[in-house]
Amino acid sequence: MNHYVTGAAIRRLREKQKLTQSQLAEKLAVSDKTISKWETGRGFPDISLIEPLAAVLGVSVPELLSGEAIINTNRAANLLRSHLYVCPICGNVLYATGSAMISCCGVTLPPLEAEAPDAAHTAVCTKIEDEIHVAVDHPMTKDHHLTFIAFLNGGRFEFVRLYPEGPAEARFFSRGHGVVFWYCNHHGLFSQKI
C-alpha cells in the first residue's frame, strides 16, 4: 500500500477537534512527545493505533490514511456515496457503495470522478416500454473504446461490460430516475442524470 497517515493530516485533524498534543496523547495512552514525532514526520503511529486515532480525530480510517475528508451532503443516499474504480493495468472495474481503499495489480486506485459529457462522449438515453436504452456515438476500436455503461438507481447498480468492435450501447430495466455512467479508456468517466 502506498498510503500511510501523514503528520500534516494528524495535526490538521487534531487542531480541527480543538485538541492539544497532550490531550490527544492522553486519549491514545501515548506520550505527547510521541504525538509531536508523528506530526513532524520523525515517526509514524503503530498500526494498532490507527483505528483509535481515527476515532479520536473523528474520521474514518480511509480518511485518516488518505489525509482527505470524505464529505457527503446526504450520507444516507447511495448515489452520493458510490464510487467506481478502474485498474489501468488489467482493466478490472470495481464498484463500492462507500469510500474504500482499493488496489489492483499492486496499484492503489483512486475513485473515478465523473465529468459532464462533451461532444465526443454524448449519450442518448431513450425509454422504450419498461427499458432504458443508452447509446453513445463513440469509436469502439481496440485502442479507443468504451469499457462499460452502468445505471445507478436507488439501491441498484446495473453494469454492462463493453468490448472493442462491439456496439456502444446497453439496455437497463427502467426503475425511474437515476444516473448513467460510461467509461472511455482514453478520456475517463462520464455521467448523465436521467
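The values are calculated or read from the model by the stated rules, or taken from the named source; none is laboratory data. Note that the structure is predicted; figures quoted are calculated from it, not measured. Cβ atoms come from the backbone with ideal geometry, glycine included; neighbour counts cover every protein chain shown. Surface areas here come from the heavy atoms of the whole protein model, side chains and all, with no ligands, DNA or RNA. Shrake-Rupley method; radii C 1.70, N 1.55, O 1.52, S 1.80 Å.
Some observations on this one:
- Ranking MET140, PHE173, LEU64 by how far each Cα lies toward the positive end of the dipole of the chain (charges on Cβ) leaves LEU64 at the top.
- Dipole moment magnitude, nearest 20 debye, the chain about Cα centre, only Lys, Arg, Asp, Glu C-beta charged: 760 debye
- Given charges at Cβ of Lys, Arg, Asp, Glu: the chain dipole, positive-most of PHE157, LEU49, LEU94: LEU49
- Cβ-placed point charges (K, R +1; D, E -1), dipole of the range 5-64 about Cα centre in debye, nearest 20: 220 debye
- Take every pair of alpha-carbon atoms less than 8 Å apart whose residues are at least six positions apart; their mean separation over the length of the chain yields a relative contact order of 14 percent.
- Computed accessible area, SER22, all protein chains, 1.4 angstrom probe, square angstrom: 60 Å²
- Potential lengthening between THR40 and THR108 on full extension [0.36 nm per residue; Cα-Cα distance subtracted]: 21.9 nm
- A full extension of the chain between VAL93 and GLU165 corresponds to an added length of 24.0 nm, given 0.36 nm per residue minus the alpha carbon distance.
- When a 1.4 Å probe is rolled over the protein heavy atoms, the share of accessible surface on the chain that falls to carbon and sulfur comes to 52 percent.
- Couplings 3J(HN,Hα) of the range 10-20, computed from phi: 4, 4, 4, 5, 5, 5, 5, 7, 6, 10, 7 Hz, in residue order, whole Hz [Karplus 6.51 cos²θ - 1.76 cosθ + 1.60, θ = phi - 60°; x for Gly and Pro].
- Efficiency of FRET between ARG81 and LYS193 - r from beta-carbon atoms, R0 22 angstrom, step 0.05: 0.85
- Heavy-atom accessible area ranking, 1.4 Å probe, most first, across TYR163, TYR85, TYR183, TYR95: TYR163, TYR95, TYR183, TYR85
- Surface accessible to a 1.4 Å probe, per residue, for the residues of the range 5-64, Å²: 58 Å²
- Lysine-lysine proximity count for the chain, Cα under 25 Å, sequence distance 8 or more or distinct chains: 8
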